[in-house]
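The values are calculated or read from the model by the stated rules, or taken from the named source; none is laboratory data. Just so you know, these numbers come straight off a predicted model, no measurement behind them. Every residue, glycine among them, receives a Cβ derived from its backbone with ideal geometry; neighbour counts consider all protein chains shown. Ligands, DNA and RNA are stripped out before the accessible areas are found, and what is left, the full protein with its side chains, is counted by its heavy atoms. Shrake-Rupley method; radii C 1.70, N 1.55, O 1.52, S 1.80 Å.
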Amino acid sequence: MSKPILIDPLKFAREGRSLSGNAPVAELDERIRGDLADASGEVSYQLDGFIDELQRPALRIRLTAALNVTCQRCLDGMSFSLDTDSVLTLFASQDKLEEACELDDTLDAILAEPELDAIALIEDEIIMGLPHAPKHDECGRDTLSLAKADKPNPFAVLAALKRPKSE
């Protein structure tokens, strides 16, 4: 896991601070690297604090990366371009968070802790930005065609048993 970057999220947002940089994929948490074909490349991130139109503190997270994920058809690596832009609204109390989420079901909100690990937040955003089952449009290997090759059907014997006997 990479070295944490701790921020006070409410203060960060109220003061309109920014944080940007690059994080090598090889230094990210295993929960991300486990979903990738390899640990090459890096993730560029931009974290901006601001006050939204309803006067609530919020964080805007933008990520870009060229990652290698595993195709679920052929199990070969394939490139995936990660490009996310999301906003997290911060709440100081659980009651206000729940009330806001009931009023707006599209709201992404978290309870503001005194310290927030910005790298862990970035890793969470990467996980949410990865495809659930990445697949090539056309797989390069013949794995699928080999698997579908003409093989005797194991149920053919049962079909023969169902046929009426000719006398």
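Test each condition in (1) at pLDDT 95 or above; (2) surrounded by 13 or more Cβ atoms within 10 Å (Cβ to Cβ); (3) among the charged types (D, E, K, R) for Asp83 and report the one that comes out false. Just one mismatch for Asp83, condition (2). With the structure loaded, tell me whether Leu90 is modelled with pLDDT of 90 or more, part of a loop (DSSP other than H, G, I, E, B) and open to solvent by less than 100 Å² (accessible area, probe 1.4 Å) or whether it fails that test. Judged against the criteria, Leu90 is not a match.
The residues in the range 25-62 that are under 26 Å from Leu75 (Cβ atoms) and either small (Gly, Ala, Ser) or in contact with a Gly (Cβ under 8 Å, 6 or more places away or on another chain) (or both) can be counted, and the count is 8. Could you check, for the range 63-77, whether at least one of its residues is touching a residue at least 12 places away in the same chain (Cβ under 8 Å), touching a helix residue (DSSP H, G or I) at 6+ places or on another chain (Cβ under 8 Å), of a type in the set (Ser, Thr, Tyr) and open to solvent by less than 60 Å² (accessible area, probe 1.4 Å)? There is no residue in the range 63-77 that is touching a residue at least 12 places away in the same chain (Cβ under 8 Å), touching a helix residue (DSSP H, G or I) at 6+ places or on another chain (Cβ under 8 Å), of a type in the set (Ser, Thr, Tyr) and open to solvent by less than 60 Å² (accessible area, probe 1.4 Å). Residue pairs whose Cβ atoms lie under 6 Å apart, separated by 6 or more positions or on different chains, with the first residue in the range 79-91 and over 17 Å from Leu107 (Cβ atoms) and among the hydrophobic types (A, V, I, L, M, F, W, C) and the second open to solvent by 20 Å² or more (accessible area, probe 1.4 Å) and not in a strand (DSSP E or B), are Leu82/Gly129. Among the residues making up the range 1-39, those that are at pLDDT 90 or above and among the polar types (S, T, N, Q) are Ser18, Ser20, Asn22. The set of residues from the range 115-158 being at pLDDT 90 or above and open to solvent by 100 Å² or more (accessible area, probe 1.4 Å) comprises Glu115, Met128.
Considering only residues in the range 19-47 that are out of contact with any Leu (no Cβ under 7 Å at 6 or more places or on another chain) and of a type in the set (D, E, K, R), the one that is least open to solvent (accessible area, probe 1.4 Å) turns out to be Asp29. Considering the range 48-62, and only residues there that are in a loop (DSSP other than H, G, I, E, B) and either open to solvent by less than 50 Å² (accessible area, probe 1.4 Å) or not aliphatic (A, V, I, L, M) (or both), the residue that is nearest to Ile7 (Cα to Cα) turns out to be Arg56. Taken over the range 94-134, residues that are out of contact with any strand residue (DSSP E or B) (no Cβ under 8 Å at 6 or more places or on another chain) and of a type outside the set (A, V, I, L, M) amount to 13. Here Gly77 clears all of (1) within 14 Å of Ile32 (Cα to Cα); (2) touching an Asp or Glu at 6+ places or on another chain (Cβ under 7 Å); (3) at pLDDT below 90 except the condition numbered (1).
Flag: Leu107 matches the condition of being assigned to a loop (DSSP other than H, G, I, E, B) and surrounded by 13 or more Cβ atoms within 10 Å (Cβ to Cβ).
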